[in-house]
1. I'm trying to understand the selection: among the residues of the range A:67-104, which are part of a helix (DSSP H, G or I), farther than 23 Å from A:Gly317 by Cβ and more than 8 Å from chain B (Cβ to nearest Cβ)?
2. Is it fair to say A:Ser374 is in contact with a helix residue (DSSP H, G or I) (Cβ under 9 Å, 6 or more places away or on another chain), of a type in the set (S, T, N, Q) and closer than 30 Å to A:Leu55 by Cβ?
3. So if I check each of A:Phe160, A:Phe206, A:Phe125, which one is among the aromatic types (Phe, Trp, Tyr) and free of Cβ contacts under 8 Å to residues at least 60 places away in the same chain?
4. Working only within the range B:137-186, note down all residues that are on the phi > 0 side of the Ramachandran plot and either among the polar types (S, T, N, Q) or more than 24 Å from the chain's Cα centre (by Cα) (or both).
5. Pick from B:Ile283, B:Ile341, B:Ile278, B:Ile269: which is modelled with pLDDT of 95 or more and in contact with a Cys (Cβ under 7 Å, 6 or more places away or on another chain)?
6. Does A:Leu23 qualify as being touching a strand residue (DSSP E or B) at 6+ places or on another chain (Cβ under 7 Å) and more than 30 Å from B:Gly329 (Cβ to Cβ)?
7. Could you tell me whether the range B:382-398 includes any residue that is assigned to a strand (DSSP E or B), hydrophobic (A, V, I, L, M, F, W, C) and within 27 Å of the chain's Cα centre (by Cα)?
8. Of the residues B:Glu26, B:Glu37, which is at pLDDT 95 or above, within 30 Å of A:Tyr393 (Cβ to Cβ) and among the acidic types (Asp, Glu)?
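The values are calculated or read from the model by the stated rules, or taken from the named source; none is laboratory data. Computed from a predicted model, the values in this text were never measured in an experiment. Because the Cβ atoms are built from the backbone with ideal geometry, glycine has one as well, and the counts that use them run over all protein chains shown. The protein model used for the area step is the full one, side chains on, heavy atoms only, and it has no ligands, DNA or RNA in it. Shrake-Rupley method; radii C 1.70, N 1.55, O 1.52, S 1.80 Å.
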There are 2 protein chains.
Amino acid sequence: MKKDKVKPRLLKGFRDYSPTEQLAREKMLGKIRKVFESMGFLPLQTPSLEFAETLLGSHYHKDSLKELFGFKGPDDVDMALRYEFTLSLARYVASHPDLALPFRRYQYGNVWRVDKPGPGRFREFMQCDIDIVGTKNLLADAEIIAAMVTTFQQLGIDNFVVRYSNRKILNGLIEYAKIDTEKAPDVMRVIDKLEKQGREAVIKEFGEGRVDKSGDKIKGLNLQPEQISKVEEFLDLATNKSRDPLATVEELLGNMEPSQIGIDELRRIQTYLQAMHIPENKIAVDLTVVRGLGYYTGPVFETTLLDLPDYGSVFSGGRYDNLVDRFLGRSIPAVGTSIGIDRLLAALIELKKIELEYATSKVLVTVMDQNRVSDYLHILQNLRNAGIPSEIYSGDTKNLTKQIKYADKAKIPFAVIVGSDEFERGMVSVKNLSVGRERALKTSDRKEWLKADEIQVTIPDKDLISYLKKHLTNKEKKDE
Amino acid sequence: MKKDKVKPRLLKGFRDYSPTEQLAREKMLGKIRKVFESMGFLPLQTPSLEFAETLLGSHYHKDSLKELFGFKGPDDVDMALRYEFTLSLARYVASHPDLALPFRRYQYGNVWRVDKPGPGRFREFMQCDIDIVGTKNLLADAEIIAAMVTTFQQLGIDNFVVRYSNRKILNGLIEYAKIDTEKAPDVMRVIDKLEKQGREAVIKEFGEGRVDKSGDKIKGLNLQPEQISKVEEFLDLATNKSRDPLATVEELLGNMEPSQIGIDELRRIQTYLQAMHIPENKIAVDLTVVRGLGYYTGPVFETTLLDLPDYGSVFSGGRYDNLVDRFLGRSIPAVGTSIGIDRLLAALIELKKIELEYATSKVLVTVMDQNRVSDYLHILQNLRNAGIPSEIYSGDTKNLTKQIKYADKAKIPFAVIVGSDEFERGMVSVKNLSVGRERALKTSDRKEWLKADEIQVTIPDKDLISYLKKHLTNKEKKDE
């Protein structure tokens with residue numbers, strides 16, 4: 001047997017979620033889903049595996065399967081685990097011509113990416129997306145921003161800002177700086193690095209390139225000096241927070257048609273957000289927002305947690321009017337945004353905006369007298385019928401101390417103890433283990449807190465439920 | 001563009017869950033999770049991908065990777081999508097020696113199997129498991145059965161029975177019939193076919209084998225006639241529902257030590273279930289219950305929906321005391337059960353025990369006058385603040401009839417309509433689309449129901465929320 005043992009290990013970049021993490025994740029996800037459903041978004045689930053061409057386009061190179069979790073599956077078909085939801089959404093919309101449009105949908109679930117794993121970087125992680133498909137109406141963009149703000153508010157995060165801009169303004173900049181439109185995606189990709197890499201690095205990338213910290217050479221775009229200085233004009237005003245960004249950029253790029261359209265769109269969105277009573281300090285036009293993804297065509301959004309700037313944007317998206325093209329050969333306009341669930345949860349925990357729970361049981365019914373198991377089960381059933389999550393000690397030891405130790409280790413707050421003497425007198429003992437734990441942290445005098453009467457009480461069995469309900473409510477009140 | 005189009009299609013054996021299906025699935029899953037948490041089970045999540053050896057054992061043949069969704073992934077590692085949760089649970093327990101035992105955990109999520117797809121048979125489907133790990137105590141087995149019964153009750157299913165037996169009784173039968181213990185797993189596998197294939201087929205499989213409907217030859221176990229007749233004695237009494245199965249089997253196999261232990265264990269479980277007030281008609285010892293899986297060592301359970309016998313067992317499991325061996329080289333006893341979520345949901349829908357929902361929005365705020373979008377957003381915000389899930393029409397048409405058509409298609413029950421005239425008078429119109437839909441089904445006279453005053457009312461805007469709340473509550477009351 002021993003030589004055949006399998007090492008109990010996880011694949012690199014994969015993780016378990018302990019019950020405590022999972023309880024917190026479910027609680028957070030429940031709140032997020034409630035926000036989305038209250039705004040009319042509908043849940044959709046698509047498969048984890050898709051045809052490779054759904055994810056990579058019709059002319060993918062076989063090697064790019066390796067950049068995803070892709071493989072030749074049953075029936076000799078190239079397939080891959082999804083790395084995001086938007087392509088599957090586009091596939092769904094393309095194959096459901098009868099769908100009521102605009103289609104407000106949300107989807108949560110795992111996505112898989114063959115990135116290099118690192119601290120906080122996993123190869124399987126959970127995302128939650130909302131999108132409104134089938135409309136160019138900017139009310140949809142405003143609704144997406146409103147959903148982002150409301151989500152943070154409902155999660156108890158106060159100090160955040162949803163920053164947004166418009167790709168169209170940048171399209172005008174490309175015209176203004178007389179840059180070849182083929183280079184536009186690269187220019188945007190470089191501007192997107194501004195916040196992270198700083199201005200000097202970005203300017204170098206516009207020119208001849210630069211060497212990064214690790215010594216790697218990063219190729220430059222080789223723009224002309226006149227072109228770079230025009231982009232710099234834009235960067236100057238984009239990073240100048242003292243003036244109204246839209247008025248400023250209008251002075252520079254108002255003559256460029258795409259920019260003027262982009263500016264007008266953002267103004268309209270501002271008006272809508274105001275009418276929706278979205279607090280002004282939670283939203284800001286920020287011309288440095290670009291988003292890396294190639295498929296955005298209009299407004300783009302991201303979010304900063306002001307107390308945790310290192311977390312980057314935990315919630316970002318934009319308008320993409322051409323994505324369904326891949327399947328239909330005609331455009332279906334759409335706008336959406338995506339939350340990194342695991343990163344947001346890490347932020348909530350760090351900000352202490354979520355109470356960590358360790359046990360679902362509030363009460364452990366101990367089994368002191370093996371001949372009275374049925375009586376203990378009777379108590380258990382009464383507790384459960386009264387809506388108190390409970391369990392009976394179902395392990396192998398008959399030793400009461402060890403049973404209590406289990407409750408303590410599992411962080412179950414109360415233990416019910418009834419010996420034969422108590423059964424005869426119609427009494428039960430209740431031990432408050434959470435008070436015990438709290439005191440143990442505060443006092444070194446173990447005897448002292450063991451004596452304290454709140455730790456263990458003996459009460460008539462008919463009062464058990466009301467006693468527990470009272471003390472559980474107190475605890476929950478404290479938790480709020 | 002056209003020649004590069006990707007066909008919007010699903011992989012064979014994979015499916016989307018439409019919003020209606022997904023809303024129902026979430027609602028059902030929420031109820032199930034609540035039952036499990038009220039009994040002290042804790043949620044765990046493990047990765048979708050595991051090392052191949054975690055799922056297949058240390059000496060797996062490369063070809064068996066193809067029997068799972070297995071492949072050589074990044075870093076040249078053999079990995080596969082999980083086909084169940086129990087092995088991942090065993091891995092988790094093996095690598096967390098500090099875990100409080102018994103560990104009550106539940107896990108829900110997708111599993112993947114390279115089975116031949118067919119109606120209702122998918123290659124990706126959702127399971128939800130509960131297990132109690134780290135105890136031989138039969139209270140754990142009783143808790144698992146109680147969880148099964150409570151789950152069905154909470155889902156509103158009345159007509160079901162959890163049937164259970166004990167592998168140990170069958171171990172005694174193997175001794176009694178003097179069958180080589182190496183053949184025991186095969187004998188159990190064949191007995192497991194009794195319900196589906198019938199007695200004659202099973203007897204043939206014990207002997208020389210048989211030819212199935214499709215003409216395929218099924219190999220027999222080549223038992224001796226004396227051995228077969230002893231197994232038949234057991235089948236006779238196992239299928240005789242007129243007597244107490246435990247008393248009957250004790251007469252036949254009471255002298256066989258494993259059988260007697262198995263019988264005593266089931267009696268103990270019966271006592272526990274009685275003390276937990278589990279209704280007697282919801283549980284039954286049934287000696288034909290075997291379960292196909294090789295790793296069961298004690299009590300085994302399955303469930304029949306009496307109104308839908310064709311669904312087979314939607315919730316089944318058993319005790320497996322050796323599974324963690326693979327990782328630790330020592331035993332950790334455990335017992336658990338697994339629900340096929342998608343099959344159970346199909347059953348709930350067929351039994352009409354779940355209300356299908358199509359929209360999350362209760363109200364569509366239409367945009368009649370493009371100059372007053374802010375006023376419509378104001379109405380929207382007030383509805384949302386009052387807790388009424390709502391959306392504003394965010395599509396591209398300005399035509400009111402088309403906007404109403406959207407609400408109708410999306411099955412949003414109410415539409416709010418305000419023209420400039422109504423704005424001036426401080427009035428709003430509310431159209432009840434669900435009443436309209438119901439009548440449309442009942443009457444062929446379209447004019448008649450269009451006229452009816454419940455279909456559309458005009459009320460002071462200050463009364464909008466109370467009007468909607470009243471009518472939404474009525475609707476919800478009707479739904480119950």
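1. Scanning the range A:67-104 gives a single hit, A:Asp76.
2. no
3. Testing whether each residue is among the aromatic types (Phe, Trp, Tyr) and free of Cβ contacts under 8 Å to residues at least 60 places away in the same chain leaves just A:Phe206.
4. B:Lys178
5. Of B:Ile283, B:Ile341, B:Ile278, B:Ile269, the one residue that is modelled with pLDDT of 95 or more and in contact with a Cys (Cβ under 7 Å, 6 or more places away or on another chain) is B:Ile341.
6. So A:Leu23 fits the description; yes.
7. For the range B:382-398, residues assigned to a strand (DSSP E or B), hydrophobic (A, V, I, L, M, F, W, C) and within 27 Å of the chain's Cα centre (by Cα): absent.
8. Just one listed residue meets the conditions, B:Glu37.
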